[in-house]
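Read through the structure below, which is laid out as structure tokens, and then see the notes.
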Amino acid sequence: MTVASVAKGIEVDPRLAGPAGVGNDDYMSELIAKHFNGPVQVTLYRSVPLDRPLHLEWYEQHVAMACDGADVIATIESVPTRTTHPGLRA
């Protein structure tokens, strides 16, 4: 898993707010995932604030964190790709 683009921070358009002052969780997960090559799983731990940039930081080889200052907002993990549906025989 590599970061697809080097970004100082992910900026969120305030028009895409979920509850007041924070980003919509589904949209934020997709926005974070777009910064990585390949399939990833985004796990949000709290709502993403709209008034500050979200920074991506590496934690391990296949895990990254999205941070708001020192607070971890989400973890991003690479996931294996499937070539066939699990219910189908090769």
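The H on the amide N of residue 10, modeled in the peptide plane, is under 5 Å from the matching H of 54, 55, each at least 5 residues off or on a different chain. Extension gain, residue 47 to residue 30: 0.36 nm times the residue separation minus the Cα-Cα distance gives 4.7 nm. Between the amide H of residue 48 and those of 23, distances stay under 5 Å, these residues lying 5 or more places away or on another chain, with hydrogens modeled in the peptide plane.
Bear in mind these aren't lab numbers, they're just calculated from the coordinates by the rules spelled out. Only a predicted model underlies this, so the values are computations on that prediction, with no experimental measurement involved.
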